[in-house]
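Student: Here it is: the structure, laid out below.
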Amino acid sequence: MPRTRSVIACSVLSFAAGAVFAQQQVQTSRREEQFTNDQLKVWKTTIMPGAPLALHRHEHGRALVALTDGQLQVTDKDGKVLDTYNLRAGKAMWLGKDPLGQLHADVNPGKTPIEVIVVQLQQDTVAVGQASEIVAYALPR
């Protein structure tokens, strides 16, 4: 009988430890690369409540497409809120490149995960040949 109790106690403890570990894994905000070439970089970001992304910056402009509703706060290294975005699933927005030297964290102040797709340019300028073609096309004839 004591052996049976020990086995049951170990099983319960193992199950509880596994459940805590699984819950901690779910609570991690993350980026998942989707596609990259020399023109674009695309990733999916999941931001869990109370688990901000690490400080980072965007060297180039990007489109953000919300997969879920929610509020996204962008904070500086001191936690000061720089911007707040009210996201609506299926809606997109443009965000320019970050100011030089400025790092930020993405924070989810809500109670449910926020998921977005980010499509970031790999360079912010159009090649000279492409620019002259665009200007020539836009000029009145």
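Student: Take the stretch 110-127 and flag every residue that is buried (at least 16 other Cβ atoms within 10 Å of the Cβ) and outside any strand (DSSP E or B).
Tutor: Within the stretch 110-127, Gly110, Pro113 meet the criteria.
Student: Also: Which ones in the stretch 98-109 are within 13 Å of Arg30 (Cα to Cα) and assigned to a strand (DSSP E or B)?
Tutor: Ala105, Asp106, Val107
Student: Related question: Suppose the filter is more than 13 Å from Val116 (Cβ to Cβ), surrounded by fewer than 13 Cβ atoms within 10 Å (Cβ to Cβ) and small (Gly, Ala, Ser); does Gly50 pass it?
Tutor: Criteria met by Gly50.
Student: Among the residues of the stretch 77-97, is any in a loop (DSSP other than H, G, I, E, B), closer than 15 Å to Ala51 by Cα and not aromatic (Phe, Trp, Tyr)?
Tutor: Checked the stretch 77-97: at least one residue is in a loop (DSSP other than H, G, I, E, B), closer than 15 Å to Ala51 by Cα and not aromatic (Phe, Trp, Tyr).
Student: OK, next. Residues being aliphatic (A, V, I, L, M) and not in a strand (DSSP E or B): count how many of those fall in the stretch 27-68.
Tutor: 4
Here, each number is a calculation from the coordinates, and none is a lab measurement. Worth saying up front: this structure is predicted, and the values here are computed from it rather than measured. No Cβ is skipped: glycine too gets one built from the backbone with ideal geometry, and neighbour counts run over all protein chains shown.
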